[in-house]
Structure formats: C-alpha cells, structure tokens
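J.: Quick one: the structure is below, questions incoming.
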Amino acid sequence: MAAQFAKEADFFSIGTNDLTQYTLAMDRGHPKLAPRVDGLSPGVLNLIALTVRGAHAAGKSVGVCGGIASDAHGVPILIGLGVDELSISLPAIPAIKAQVRTLDSAECRALAEKALAAESARDVRALVNPPNE
C-alpha cells in the first residue's frame, strides 16, 4: 500500500521490531519464540523493499528503526534496498557509522537482491560478514 499511502504521507518510517513480529506471527516477548524472531527474514525484507519502491516512486523518503537498523548484518542490506535513513540505538552509532563509510552502494544493492531471494534469515545472515565478527 506504500504507493497509495505516499499520496498522503510526507515520509515513511518502518518500525522493524513490530513489522517482524507481525510478519512472522511470533511474539518477540515469548521466551521460546523470541530467539526465532529475526528481522532479516526474506519476508520482512521484501516488505521493506516494497515500501521503499512505493515511497520512492512518489518522491518520499523511508527511514528504518528497530533491531535491524542497528544490526551490522542488516545495515548493508537496508542500504541496498534503498532505505534513506537509519534510526539506531545510541551505543551502536559509532560502529554503524564506521561500517556505512566502508560500504559500496552497488555491492549493497547486489547483496540486497540476494537477500530477497534467500530462503531464511539464517541464509541472509550468511551472505554478510559484518566488521568485528
């Protein structure tokens, strides 16, 4: 619905924690399910990609907050999907800024395409080698 919403919205902000929980139909607060709730699920990433596509077609920006915005595995994929802004946790700012400075946008786009075609969040994470890991 991003293209339709873009007619009324000034910008988009995607909260990935709730998006992930609802997309995967898993309660992130549940002790047994929480470890399986991963925002790098291809289903979640495809929803972000659709939002970016619809928003950008109308000249609107897209910001992302939540867990994957501060996740070193997620950052290059989000950039590759065309996300315009990341809202990250304070302690993660220096590391994420340093990581972003090293990224090549064409490589991020290629990585994002692979992530969208992956079968699981585990497969997506295997595509990325974040710094300091």
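J.: So if I check each of GLY29, GLY54, GLY39, which one is buried (at least 18 other Cβ atoms within 10 Å of the Cβ) and over 13 Å from THR16 (Cβ atoms)?
T.: The unique qualifying residue is GLY54.
J.: Which pairs turn up if I take residues in segment 58-72 that are at pLDDT 95 or above and open to solvent by less than 10 Å² (accessible area, probe 1.4 Å) and look for partners that are of a type in the set (Val, Ile, Thr) and assigned to a strand (DSSP E or B) with beta carbon separation below 6 Å, at least 6 apart in sequence or on another chain?
T.: Hits for this filter: VAL64/ILE14.
J.: Now for a different question. How many residues, within segment 111-122, are open to solvent by 70 Å² or more (accessible area, probe 1.4 Å) and either of a type in the set (Val, Ile, Thr) or farther than 9 Å from SER41 by Cα (or both)?
T.: So the first thing to find is which residues in segment 111-122 are open to solvent by 70 Å² or more (accessible area, probe 1.4 Å), and the list is 113-114, 117, 119, 122.
With the extra rule that they be either of a type in the set (Val, Ile, Thr) or farther than 9 Å from SER41 by Cα (or both), the set shrinks to 113-114, 117.
Of the residues in segment 111-122, 3 are open to solvent by 70 Å² or more (accessible area, probe 1.4 Å) and either of a type in the set (Val, Ile, Thr) or farther than 9 Å from SER41 by Cα (or both).
J.: Among the residues of segment 15-26, what is the count of those that are more than 12 Å from the chain's Cα centre (by Cα) and open to solvent by less than 60 Å² (accessible area, probe 1.4 Å)?
T.: To start, the set of residues in segment 15-26 that are more than 12 Å from the chain's Cα centre (by Cα) comprises 18, 21-26.
Now restrict to residues that are open to solvent by less than 60 Å² (accessible area, probe 1.4 Å): 21, 23-24, 26.
The number of residues fulfilling the criteria is 4.
The values are calculated or read from the model by the stated rules, or taken from the named source; none is laboratory data. What you are looking at is a predicted structure, and each value in this text was computed from that prediction instead of being measured. Cβ sites come from the backbone with ideal geometry, for glycine too, and all protein chains shown count toward neighbours. Just so you know, the surface numbers come from the protein's heavy atoms only, side chains and all, with ligands and any DNA or RNA stripped out. Shrake-Rupley method; radii C 1.70, N 1.55, O 1.52, S 1.80 Å.
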